[in-house]
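See below for the structure under consideration.
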Amino acid sequence: MATAASPAPPATPPLRGVQPLRAGEGNSFFWRKLHSLTGIVPIGAFLIEHIISNFETVHGPLAYAKQVLFLNSLPLVRVLEWTLIFIPLAYHALYGVYIAVRGRNNVNVYPWIGNRFYFSQRVTGIIALFYIVYHVWTQRFSGVNLPEHPGAAFAKVQHELANPWILAVYVIAMIATTWHFAYGTWLFAAKWGITPGDKARRKFGYVCALGGIILCLMGLISIYSVVTAPPAPDDVMPNVMQTSTMTAPTQPVVPTAVTIPDASRPQQ
């Protein structure tokens, strides 16, 4: 006797939105967690500090030079620079490229807003990577050494932004970087369970959007201040980093004769 075929189980709907990172799902769990964390601390914190410091350009070359001098006068500044900026940034960028290459671009198949945001996160991350490499090389490791000559910071940026193509790169990169950080903050809170539920994620999304807009506007205003400012001197603080050590005289010092008055002679 033939048995009736059992009905097929309902198809599982595709998962939408940001899926949480679960322990034990593959070997990349730890590295993805670390990638997510470094995007907020220390890289995100440094991005906020960097934009706030650059906002001193609205007050002119001298105020900006004093800010650069202050940052480069911090204790163990070079150790902090490598351990809290360069090394975490290199890991976050390289692992981010690894994720982007291995991911599938299915925004045309599943055109949900969350999927579009995730795709934009990958694109803005690549834009930010190329910009950061260029920016760090030109401003930190080539040309005038700003840690030794902080007074040349404003003029160095101003000369660079005089090129309209470079100016366009800076504007695009500022928008892409702040978007990447704002949406990355939202992703971090969702993946780490800080914002459980759609309602909490929606509210936190408004906070991230507002923060990203504020940072982006501050960055664009800083760029505008440099471009529209009068030509700055090559160095507004030329003597600030000179040491106070004395050099040996090149000519021998000849002692001058000292005349001692004769006490027996009457004074005129």
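Taking label points 7 Å from Cα along the Cα-to-Cβ direction, Ile172 and His50 give a separation of 1.8 nm.
Give me the accessible area per residue for region 159-240, probe 1.4 Å, as a whole number in Å². Here the residues of region 159-240 average 57 Å² of exposed surface.
Taking 18 Å as the straight-line reach from the Cα of Lys66, the lysines in range (excluding those fewer than 8 positions away in the same chain) are Lys156. Taking a straight line from the alpha carbon of Lys203, these lysines sit under 28 Å away, with near neighbours fewer than eight places off in the same chain left out: Lys33, Lys191.
Computed over protein heavy atoms with a 1.4 angstrom probe, the accessible surface ordering of Phe46, Phe130, Phe181, largest first, is Phe130, Phe46, Phe181. The 3J(HN,Hα) values that the Karplus relation (6.51, -1.76, 1.60; θ = phi - 60°) gives for region 71-86 are, in residue order, 5, 7, 9, 5, x, 6, 5, 6, 5, 5, 4, 7, 7, 10, 10, 5 Hz. Gly and Pro appear as x.
Remark: region 27-96 carries 57 Å² of accessible area per residue (probe radius 1.4 Å; ligands, DNA and RNA excluded).
The values are calculated or read from the model by the stated rules, or taken from the named source; none is laboratory data. Keep in mind that this is a model prediction, so the values were computed, not measured. No Cβ is skipped: glycine too gets one built from the backbone with ideal geometry, and neighbour counts run over all protein chains shown. Ligands, DNA and RNA are stripped out before the accessible areas are found, and what is left, the full protein with its side chains, is counted by its heavy atoms. Shrake-Rupley method; radii C 1.70, N 1.55, O 1.52, S 1.80 Å.
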